[in-house]
Amino acid sequence: MKALFQEIFERLGAQVADLSPAELLVKVSPNSAAGRLLEAPSDHILSFSSENMNPAATAVTPGSKLLETATRELAQTGAVRHGVLPQRVPNDRKTLKNRYVKLGGANKNFSCRRGWQALVRIWLKIKLAGDEVVEMLTGIEIPANMQPRLIQTTAATGNDVQWVAKPPLRFNHLKAYIEAGVRWAEKLALAEAENLQRKNFETLYPTIERLRIYYQHLTEDAAGNDPDKTAALNAEYRRRIREEIQYARVNAKLDIIALETIAAPVQNLSWLMERGGILYEETAVVNLYDGTLAAPARCSIGGCGTCLFGMAASNVPVCKARITKQKGGVIHVE
């Protein structure tokens with residue numbers, strides 16, 4: 001939640017700084033849009049812990065006024081933004097090809113193709129409804145490998161990002177990111193719901209026992225005197241038991257309240273290699289913003305990323321560390 005509010009207020013023009021693991025300092029200028037949430041252009045300390053005893057801090061916890069106001073603000077504005085990073089690394093064919101050294105196998109073809117890789121952040125509101133209602137704000141980050149993770153803190157976006165109306169990603173590509181994040185969030189919500197439901201069921205058993213004893217006494221008093229009253233009491237007892245079980249059940253609901261994408265230009269590299277009449281394609285991806293290998297060539301034996309690779313006698317790509325002997329263009333591995 002702290003990471004979400006850090007991003008919200010930075011986006012609204014406020015200056016944000018960490019004070020502690022549970023506190024943020026937010027400086028709101030007179031002309032800042034952040035004043036809509038904090039209602040005054042000054043310095044504010046936000047606390048994200050229910051145990052924080054700082055009297056000068058504004059609590060941002062489930063049920064707090066600021067949390068409800070921020071959630072409503074995001075819902076009304078549809079907090080979506082798309083950023084694009086510039087190209088800062090040469091992307092000519094020769095430069096990119098020379099970053100890799102091929103150790104063996106005949107290179108039949110080498111190709112370069114421009115593309116984009118994105119970092120997608122999704123902020124969700126998770127509502128667990130049952131005997132009690134629990135609401136949580138959580139942020140999920142989905143990198144290019146499609147392995148979602150919780151956002152613990154957000155780094156400054158930087159001045160290089162250009163905000164655009166539409167992301168350069170294909171719709172299906174962006175949809176895949178969002179679906180991966182939502183699936184991961186659903187598992188998180190389910191785990192939270194199961195924990196809450198387990199807690200509810202622990203308190204349910206004494207309640208059911210009290211109901212059993214109560215209605216047993218009532219039916220014993222009515223037994224033999226009024227069969228219709230006894231039947232009515234038994235029906236009421238069953239209804240009360242069903243209601244208590246229903247109250248103990250927890251339903252989870254997810255709502256996406258904010259979405260952010262940061263797309264970096266990349267160059268997709270592909271080598272078509274041959275050894276002994278067998279063709280094999282190896283691929284890699286170079287980030288043209290910071291020069292990193294977004295997806296390096298992989299060694300089929302060790303699984304590591306490498307810039308030094310070749311075709312082994314077994315017709316699989318291997319890195320230099322796995323080569324034990326190379327003779328006559330044939331690579332032997334450990």
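Values quoted throughout were computed directly from the atomic coordinates according to the rules given, and no laboratory measurement underlies them. Predicted model only: the values in this text are computed from it and were never measured.
Once the mean of 1/r is taken over each pair of separate Cα atoms and inverted, the range 80-295 shows a Kirkwood hydrodynamic radius of 22.6 Å. If the cut-off is 16 Å between C-alpha atoms, which aspartates and glutamates fall inside it for K27, apart from same-chain ones fewer than 8 positions away? Counting by Cα, and skipping residues close in sequence, K27 has these aspartates and glutamates nearby: E7, E10, D18, E39, D43.
Here's the list of aspartates and glutamates a cross-link from K229 could span, going by alpha-carbon distance under 16 Å and ignoring same-chain residues fewer than 8 apart: E220, D221.
Measuring between alpha carbons in the structure, the pairs from K127/K175; K94/K175; K199/K253; K65/K253; K65/K127 lying more than 27 angstrom apart are K94/K175.
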